[in-house]
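Okay, so here's the structure we're looking at.
The values are calculated or read from the model by the stated rules, or taken from the named source; none is laboratory data. Only a predicted model underlies this, so the values are computations on that prediction, with no experimental measurement involved. Every residue, glycine among them, receives a Cβ derived from its backbone with ideal geometry; neighbour counts consider all protein chains shown.
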Amino acid sequence: MSARELIELIGPLFIFIGTIFTFLSAIGLIRLPDVYTRSHAASKSTTLGVLCTLFGAFLFFVITEEFVSIRLLLGIFFVFLTAPIAAHMICRAAYRSNVVLAEQSVQDDLKPFLKEEGMKD
Amino acid sequence: MFEFLMSGSLILLVLSIFACLYRVWKGPSMPDRIQALDTIGITLVGGVAIFSVLLGTHAFLEVILIVGILSFIGTIAFARSLERGVVIERKRVD
């Protein structure tokens, strides 16, 4: 195996690491107990995994064809920007539509504030 | 080695999409299903990137942007409609 082939394997290696992260987040999506804990798995590690995958594709095109893809960079930026916002919106909607916390959860800091707010209305 | 890495990552992606589909089917509450659908959308973005590397073409790179934007807008619309009952709020000025 020549050095050229080894360099060309960097991109696919990044892609493989990224898909491993995505798979771990899917396992978390199955095994964690309620919406609020599942949103950790669904937002953080999926974002990291897809970022690694897109970066690996970017590196593959740069190394093999010397093609700098602005669209892939925009995709990385966009996923990095929107996935946490989406997770935040889902958790907010879940709490306001009275989805109960898991039985193991210890603390609920938002409850007194929302009660106060409800009294004002 | 290249084929092994690529097919391995495609298999992992398919498995994780099936896991999300299980959550969509089973999910006890509505936000669970929305969250799983959002994760499926983001995972699809990675799948499109892998296919464009596997086929060695630049033609699919627009699909990444479009799937990302559509999945984001769909998630936001679902979450707002779940929270307030409407997607777009109109403030009435009397």
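At-a-glance table
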| quantity | calculated |
| --- | --- |
| Residue in region A:29-48 that is facing another protein chain (nearest Cβ under 7 Å), surrounded by fewer than 20 Cβ atoms within 10 Å (Cβ to Cβ), free of Cβ contacts under 8 Å to residues at least 40 places away in the same chain and among the β-branched types (Val, Ile, Thr) present | yes |
| So A:Asp108, is it among the charged types (D, E, K, R), farther than 27 Å from B:Leu15 by Cβ and touching a Leu at 6+ places or on another chain (Cβ under 9 Å) | yes |
| Of residues in region B:70-94 being in contact with a helix residue (DSSP H, G or I) (Cβ under 7 Å, 6 or more places away or on another chain), part of a helix (DSSP H, G or I) and more than 7 Å from chain A (Cβ to nearest Cβ), the one nearest to A:Leu13 (Cα to Cα) | B:Ser71 |
| Of all residues making up region A:88-98, the number that are among the β-branched types (Val, Ile, Thr) and outside any helix (DSSP H, G or I) | 0 |
| Scope region A:82-93; condition under 12 Å from A:Ala42 (Cβ atoms) and at the interface with chain B (Cβ under 7 Å from one of its Cβ atoms); matching residues | A:Ala83, A:Ala86, A:Ile90 |
| Residue check for A:Phe61: crowded, with 17+ Cβ neighbours inside 10 Å and either farther than 22 Å from B:Cys20 by Cβ or among the basic types (Lys, Arg) (or both) | yes |
| Cβ-Cβ under 7 Å pairs, at least 6 apart or on other chains, region B:60-73 side of a type in the set (Ser, Thr, Tyr), far side surrounded by 13 or more Cβ atoms within 10 Å (Cβ to Cβ) | B:Ser71/B:Asp38; B:Ser71/B:Gly41; B:Ser71/B:Ile42 |
| Options A:Ile10, A:Ile20, A:Ile15: the member that is within 7 Å of chain B (Cβ to nearest Cβ), of a type outside the set (D, E, K, R), out of contact with any strand residue (DSSP E or B) (no Cβ under 9 Å at 6 or more places or on another chain) and surrounded by fewer than 18 Cβ atoms within 10 Å (Cβ to Cβ) | A:Ile20 |
| Among the candidates B:Ile17, B:Ile40, B:Ile64, B:Ile34, residue that is over 16 Å from A:Ser43 (Cα atoms), in contact with a helix residue (DSSP H, G or I) (Cβ under 6 Å, 6 or more places away or on another chain) and in a helix (DSSP H, G or I) | B:Ile64 |
| Residue within region A:99-113 that is of a type outside the set (Gly, Ala, Ser), within 30 Å of B:Phe60 (Cβ to Cβ) and part of a helix (DSSP H, G or I) present | no |
| Residues within region B:13-38 that are facing chain A (nearest Cβ under 9 Å), more than 30 Å from A:Arg96 (Cα to Cα) and surrounded by fewer than 22 Cβ atoms within 10 Å (Cβ to Cβ), tallied | 1 |
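Rundown of residues vs (1) outside any helix (DSSP H, G or I); (2) under 21 Å from A:Phe78 (Cβ atoms); (3) modelled with pLDDT of 90 or more, yes/no style:
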{"site": "A:Leu6", "(1), (2), (3)": "no, no, no"}
{"site": "A:Ser25", "(1), (2), (3)": "no, yes, yes"}
{"site": "A:Tyr36", "(1), (2), (3)": "no, no, no"}
{"site": "A:Ser43", "(1), (2), (3)": "no, yes, no"}
{"site": "A:Cys52", "(1), (2), (3)": "no, yes, yes"}
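Quick grid of which residues meet (1) surrounded by 20 or more Cβ atoms within 10 Å (Cβ to Cβ); (2) closer than 27 Å to A:His88 by Cβ; (3) more than 7 Å from chain A (Cβ to nearest Cβ); (4) under 15 Å from the mean Cα position of the chain (by Cα):
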{"position": "B:Met1", "(1), (2), (3), (4)": "no, no, no, no"}
{"position": "B:Leu44", "(1), (2), (3), (4)": "no, yes, yes, yes"}
{"position": "B:Leu54", "(1), (2), (3), (4)": "no, no, yes, no"}
{"position": "B:Thr57", "(1), (2), (3), (4)": "no, no, yes, no"}
{"position": "B:Leu61", "(1), (2), (3), (4)": "yes, no, no, no"}
